[in-house]
Amino acid sequence: MNKKVILSLLFFGPLAFFIFLSLGEVNFKPCEVYKTHVVDVSTFTNNKISFKNNINVITFLGKEPKNMETQIYNINEVVFKKLAKYKKFQLISFYHGNHQEIKNIKTKLARTNGDKFFKWHFINLDAAQTTQIYQSLKADEHLERNFASNKAFIIDKKNQQRGRTDDDKIGEQVYAYDLSSVNDLKNKLLTDTENVFYEQEVSTTSRKERLGKNEK
């Protein structure tokens, strides 16, 4: 009799615990909206690539993308590889004219990203176009002279810039994320992007719809 009770507990206990968890609410903190009507990249790509209806992380690599290689590989390992499986996620990096350096960077990145690399777009913009997008964002700093920035930004499906307001529990506003800091990328950018993703995708679509053709 005791053996039957023990076996029943071993079988039904974990099952009941799993059901309990699956019925619980997923807790996440909605990110703040810092800017609406961010200038859409589709303005300069003839609608081939757009922020709209996607959850986007964007970066500015400027005229000398090679100088940003450390930051590029940081965001690749910490953010892109975690989110590239999702159908509506994309990472967009703007650069200004240096095609050879971008080609070299893309070759290196493609080696570790396989069939998911199509989710990362490198878009060549001129000075005026780059400035137009950047100035539509909330940012503490101006673009560098070579049109690069050490910050990444989150743009949601409605062309809104998103971020957090309770950084380190001191009420600090975070609407741009330091590409040089792995801690910033992991604990802020990745977390906040996932929160936006949950808000706009997980709560309204099935897992199959979210993963699309990348589902395994």
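What follows draws every value from the coordinates through simple rules; no lab data is involved. Please read these numbers as outputs of a predicted model, since none were measured by experiment. Glycine gets a Cβ as well: all are built from the backbone with ideal geometry, and neighbour counts include every protein chain shown.
For region 122-157, which positions are under 28 Å from Lys106 (Cα atoms) and among the charged types (D, E, K, R)?
Asp126, Glu141, Glu144, Arg145, Lys151, Asp156, Lys157, listed by residue number.
Counting residues that are in contact with a strand residue (DSSP E or B) (Cβ under 8 Å, 6 or more places away or on another chain), which helices (runs of 4 or more DSSP H) fully inside region 24-113 reach at least 3?
Because the criterion is at least 3 residues that are in contact with a strand residue (DSSP E or B) (Cβ under 8 Å, 6 or more places away or on another chain), the helices (runs of 4 or more DSSP H) in region 24-113 that meet it are 69-75, 99-113.
Can you find a residue in region 94-116 that is within 22 Å of Asp184 (Cβ to Cβ), touching a residue at least 60 places away in the same chain (Cβ under 8 Å), among the charged types (D, E, K, R) and out of contact with any Pro (no Cβ under 7 Å at 6 or more places or on another chain)?
Within region 94-116 (the criterion being within 22 Å of Asp184 (Cβ to Cβ), touching a residue at least 60 places away in the same chain (Cβ under 8 Å), among the charged types (D, E, K, R) and out of contact with any Pro (no Cβ under 7 Å at 6 or more places or on another chain)), the answer is no, since none of the residues qualifies.
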